[in-house]
Amino acid sequence: MSDESTPVAVNTDAIVLRDVSFAYRAGTPVIAHCSLRAPRGRILALLGPNGSGKTTLLKLIAGALAPEHGVVERSGLVGYVPQLLHLNFAYSVLDVVLMGRARQIGLFATPSRRDVDAAMTALGRVGMRGFAERSFDELSGGERQLVALARALAAHAEILVLDEPTSALDLRHQEMVLQWMQALVREDGLTVVFSTHQPQHADAVAHEVALVQGPGHVDVGPAARMLDADVVGRLFGVEIQRVRVDTLDVLTPRWKLRRG
Ligand SMILES: Nc1ncnc2c1ncn2[C@@H]1O[C@H](COP(=O)(O)OP(=O)(O)OP(=O)(O)O)[C@@H](O)[C@H]1O
């Protein structure tokens with residue numbers, strides 16, 4: 001669980017949703033009457049089963065989808081990182097990260113030295129500096145995910161909205177991205193909203209957690225309360241326990257699997 005004693009400036013909300021509803025098909029809402037707040041300078045994690053509406057909610061938060069009903073307020077520039085970034089052209093990794101600086105570069109203009117430096121710094125922050133000249137479409141899923149994070153970073157977004165940012169990453173890179181999220185919040189004052197299928201990741205870094213359980217069922221609260229083992233177990237329909245590993249409490253499923 002994140003350190004509640006860490007000093008963070010929480011004086012305004014970065015994101016506010018008021019009574020937001022959305023349906024891809026008329027009459028079949030995916031998000032219904034959802035109200036939530038993401039305090040500035042904090043980490044909000046979205047947890048929920050497959051198809052419960054996490055990506056839809058993140059897109060509404062980021063402005064990639066418009067609500068049918070209700071209001072979404074954002075207090076800063078949003079960088080949205082989809083789960084899988086697909087591009088229809090063989091861009092270099094550096095070009096992909098420079099896309100994040102479209103606002104600074106301007107339409108049809110050439111990136112300046114400053115833009116390239118910002119892109120290289122962002123690549124460095126996710127450990128991908130050495131990939132700058134590589135073709136993006138030749139990268140592995142995990143490498144693409146890291147480049148997509150660098151693109152949002154290069155944009156100097158104040159609010160990062162990340163769809164399952166660790167889903168394609170190995171254990172070392174999962175930890176790196178979680179630490180990176182914490183550093184962005186603590187040192188740069190950013191706000192992070194991310195979805196995950198790993199309760200343990202939410203437990204490690206999130207201040208607030210939203211349990212997304214389908215239309216009309218998004219419950220938000222402090223991580224310590226929302227990440228109760230029984231609550232998370234009911235959310236996913238599996239038995240979850242907290243076990244102590246060294247000095248850490250770890251949320252882990254009690255699989256019913258038996259070695260065959
Ligand atoms: N473009 C679309 N058109 C129609 N229905 C969609 C579309 N995108 C998502 N849906 C439906 O909306 C519901 C919520 O999908 P969403 O992707 O938001 O869930 P999720 O919680 O992110 O799922 P997962 O954990 O599997 O990624 C699902 O029933 C899905 O089939």
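No value in this document is a laboratory result; all are computed from the given coordinates. Fair warning: this is a prediction, and the values are worked out from it, not measured in the lab. Note that we place each Cβ from the backbone using ideal geometry, even for glycine, and neighbour counts take in every protein chain shown.
Computed quantities for the displayed model
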quantity: Residue selected from region 32-82 under the condition of a type in the set (Lys, Arg) and crowded, with 20+ Cβ neighbours inside 10 Å, by the criterion nearest to the ligand (Cβ to nearest atom); calculated: 54
quantity: Qualifying residue in region 125-137 (condition: within 16 Å of the ligand (Cβ to nearest atom) and touching an Asp or Glu at 6+ places or on another chain (Cβ under 8 Å)); calculated: no
quantity: Tally, over region 12-31, of residues that are within 15 Å of the ligand (Cβ to nearest atom) and β-branched (Val, Ile, Thr); calculated: 4
quantity: Qualifying residue in region 96-119 (condition: assigned to a strand (DSSP E or B) and either over 21 Å from the mean Cα position of the chain (by Cα) or not hydrophobic (A, V, I, L, M, F, W, C) (or both)); calculated: no
quantity: Filtered residues of region 229-259 (kept if within 22 Å of residue 210 (Cβ to Cβ) and of a type in the set (A, V, I, L, M)); calculated: 229, 231, 232, 235, 238, 240, 250, 251
